[in-house]
């Protein structure tokens with residue numbers, strides 16, 4: 001039987017043109033899950049802890065998708081500048097999903113915003129704006145708009161689960177983020193970094209499968225094929 005994978009999604013809260021609230025998801029996530037042999041199921045953004053637990057109970061795995069910034073209040077900070085645009089409705093539901101998935105020992109893959117949500121849910125912090133707080137030679141929000149364009153290298157830790165999956169020590173990835181992991185959340189270890197030291201991959205040893213990446217592998221499926 002094909003595993004059912006719950007995918008978190010974004011809201012239309014940040015879209016001034018939206019006439020009513022909508023849950024939204026880039027189709028690349030669902031497509032990638034189907035190509036991998038799974039059945040994608042989109043999770044609504046408004047979920048209480050009880051609702052998240054009920055949803056997770058019926059799922060075989062969780063995919064935390066990309067999207068807007070997390071509210072800095074979740075990790076004890078105030079917004080640094082106007083670059084920080086949050087989706088508070090999604091934040092609450094996604095924190096509940098992460099906690100429910102961890103409690104139920106469900107496999108979890110966290111992508112872009114997802115890796116940041118995973119880290120914050122485990123008590124970690126974020127670098128709110130890389131160009132302002134950690135300027136470097138690496139451009140993390142790539143100028144090339146093509147989602148499948150790989151623009152910078154990541155260096156994958158030897159012995160990590162991520163290294164075993166990717167089969168490479170240095171990999172080229174796409175990059176569409178201006179935030180990144182600051183202090184690591186409890187139980188997480190670094191699995192990959194960019195040349196400037198920015199965390200690009202994390203995992204949770206001792207768990208069946210909890211993995212996060214800062215890039216968008218769902219957009220690279222055709223490239224890898």
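The residues of region 183-202 that are closer than 22 Å to residue 168 by Cβ and not in a strand (DSSP E or B), listed by number, are 188, 195, 196, 197, 198.
For region 166-190, a residue qualifies if it is within 24 Å of residue 222 (Cβ to Cβ) and either touching a residue at least 12 places away in the same chain (Cβ under 8 Å) or in contact with a helix residue (DSSP H, G or I) (Cβ under 8 Å, 6 or more places away or on another chain) (or both), and the qualifying residues are 168, 169, 170, 171, 172, 173, 174, 175, 176, 177. Go through the residues of region 28-35 one by one and say whether even a single one is under 26 Å from residue 185 (Cα atoms) and in contact (Cβ under 8 Å) with a residue 24 or more places away in the chain. Yes. All conditions in (1) surrounded by 21 or more Cβ atoms within 10 Å (Cβ to Cβ); (2) closer than 22 Å to residue 95 by Cβ hold for residue 122, with the sole exception of (1). Conditions: (1) over 15 Å from residue 179 (Cβ atoms); (2) out of contact with any strand residue (DSSP E or B) (no Cβ under 6 Å at 6 or more places or on another chain); (3) at pLDDT 95 or above. Residue 109 meets all but one. Number of the miss? (2) is the only condition that residue 109 fails. For region 127-172, a residue qualifies if it is assigned to a helix (DSSP H, G or I) and over 30 Å from residue 78 (Cα atoms), and the qualifying residues are 161, 162, 163, 164, 165, 166.
The values are calculated or read from the model by the stated rules, or taken from the named source; none is laboratory data. Keep in mind that what you see is a predicted model, and the values were worked out from it rather than measured. Please note: Cβ atoms are built from the backbone with ideal geometry, for glycine as well, and neighbour counts cover all protein chains shown.
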